[in-house]
Each structure stands twice: as C-alpha cells, then as structure tokens.
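Enquirer: Shown below is the structure under consideration.
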Amino acid sequence: MRLLLDCDLSSHGLVRLLEKRRHDVVAAGRVIGLRELDDPDLFELAQRERRIVITHNLADFPDILVDWGQSGRVHHGCVLCRQPPNAYGEIARRLDRWFVAHPTPRSWRNLAVWL
C-alpha cells in the first residue's frame, strides 16, 4: 500500500516496520516541506499521490474527512490511530489486519477506520 504517515506518527521505528511489510511509506515529519503543511493541505497532497493517510491527530482529521465527504470528493483512505504513537509493533499489527480486510487500494477509497 501507498501510505503517508502524519507528522505525529513519523517515527523511524514505525516507518521501518511498514517498509519491511513492503509498503511505500512517506513520513511527513521526516520530509522538509511536508512537515510544515497544514493538515488539510497534507491530506490533499496524500490524495494526489493516492496514499492512505495514517494519523494520530484525532482533533482535526475527522473534520477534514467530513469536509471531503460533504464536498463529494473521493479520498484514498484514512486511518485514525488511537494507539500510543510509540507503540510501533501494535500499530503495525493492527494495520496488517486492516490491509488483509481491504487488500487493494481501490478497497480503501473513501474508507476511514479507527486503529
């Protein structure tokens, strides 16, 4: 899967675990130019690149998803993570289950899930 980790989940440990699972990962917190973007702009960038957004920002991203839905725009998936940001192994295991349940990029269209 093509993933974009929000700044709050851009740890090297999580990136490494996801890359070992053969995901194409961009960690916004590790890319100059991405870490400065406002959340709506980061989400829009992820959509242009057809990436699933994974975020720990439960304050802003639900509203972003509602705005996208109300405007009729299609998104490529979003994972709202309630796990502690340093629980890399648990986050990766829970993502594995979602990726088994939804194994194709198409199955993630307009899908938002809690982790």
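The values are calculated or read from the model by the stated rules, or taken from the named source; none is laboratory data. Quick caveat, the model's predicted, so the values are computed rather than measured. FYI the Cβ positions are ideal-geometry reconstructions off the backbone, even for glycines, and counts take in every protein chain you see.
Enquirer: Could you list all residues from the stretch 36-67 that are in a helix (DSSP H, G or I), over 21 Å from Trp98 (Cβ atoms) and either touching a Leu at 6+ places or on another chain (Cβ under 6 Å) or of a type in the set (Asp, Glu) (or both)?
Expert: If the condition is that a residue be in a helix (DSSP H, G or I), over 21 Å from Trp98 (Cβ atoms) and either touching a Leu at 6+ places or on another chain (Cβ under 6 Å) or of a type in the set (Asp, Glu) (or both), then Asp39, Asp41, Glu44, Asp63, Asp67 are the ones that fit.
Enquirer: If you don't mind, there's one more thing I want to ask. Across the stretch 1-26, what is the number of residues that are crowded, with 16+ Cβ neighbours inside 10 Å, more than 11 Å from the chain's Cα centre (by Cα), modelled with pLDDT of 95 or more and not in a helix (DSSP H, G or I)?
Expert: So the first thing to find is which residues in the stretch 1-26 are crowded, with 16+ Cβ neighbours inside 10 Å, and the list is 1-7, 9-11, 14-15, 17-18, 23, 25-26.
Still in the running and more than 11 Å from the chain's Cα centre (by Cα): 11, 14-15, 17-18, 23.
Adding the requirement that they be modelled with pLDDT of 95 or more leaves 18, 23.
Now restrict to residues that are not in a helix (DSSP H, G or I): 23.
Final tally of qualifying residues: 1.
Enquirer: Another one. Of the numbered conditions (1) touching a helix residue (DSSP H, G or I) at 6+ places or on another chain (Cβ under 6 Å); (2) assigned to a loop (DSSP other than H, G, I, E, B), Gly33 fails exactly one; give the number of that condition.
Expert: The failed condition is (1).
Enquirer: Quick check on my filter: what residues within the stretch 35-49 are surrounded by fewer than 15 Cβ atoms within 10 Å (Cβ to Cβ) and of a type in the set (D, E, K, R)?
Expert: Within the stretch 35-49, Arg35, Glu36, Asp38, Asp41, Arg48, Glu49 qualify.
Okay, residues lined up against (1) among the aliphatic types (A, V, I, L, M); (2) at pLDDT below 95; (3) surrounded by fewer than 13 Cβ atoms within 10 Å (Cβ to Cβ):
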residue: Ala28; (1), (2), (3): yes, yes, no
residue: Gly33; (1), (2), (3): no, yes, yes
residue: Asp60; (1), (2), (3): no, yes, no
residue: Gly72; (1), (2), (3): no, yes, yes
residue: Pro85; (1), (2), (3): no, yes, no
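Enquirer: Now for a different question. Given (1) out of contact with any Phe, Trp or Tyr (no Cβ under 7 Å at 6 or more places or on another chain); (2) surrounded by 13 or more Cβ atoms within 10 Å (Cβ to Cβ), identify the lone condition not met by Thr55.
Expert: (1)
Enquirer: Report, by residue number, each residue of the stretch 12-49 that is under 11 Å from Arg2 (Cα atoms) and touching a Lys or Arg at 6+ places or on another chain (Cβ under 6 Å).
Expert: Asp24
Enquirer: When the residues of the stretch 87-115 are filtered to those that are of a type in the set (S, T, N, Q) and part of a loop (DSSP other than H, G, I, E, B), which remaining residue is surrounded by the most Cβ atoms within 10 Å (Cβ to Cβ)?
Expert: Asn110
Enquirer: Find all pairs meeting these conditions: Cβ atoms under 8 angstrom apart; at least six residues apart or on different chains; first residue within the stretch 42-54 and of a type outside the set (A, V, I, L, M); second residue crowded, with 18+ Cβ neighbours inside 10 Å and assigned to a helix (DSSP H, G or I).
Expert: Phe43/Phe61; Phe43/Ile64; Phe43/Trp68
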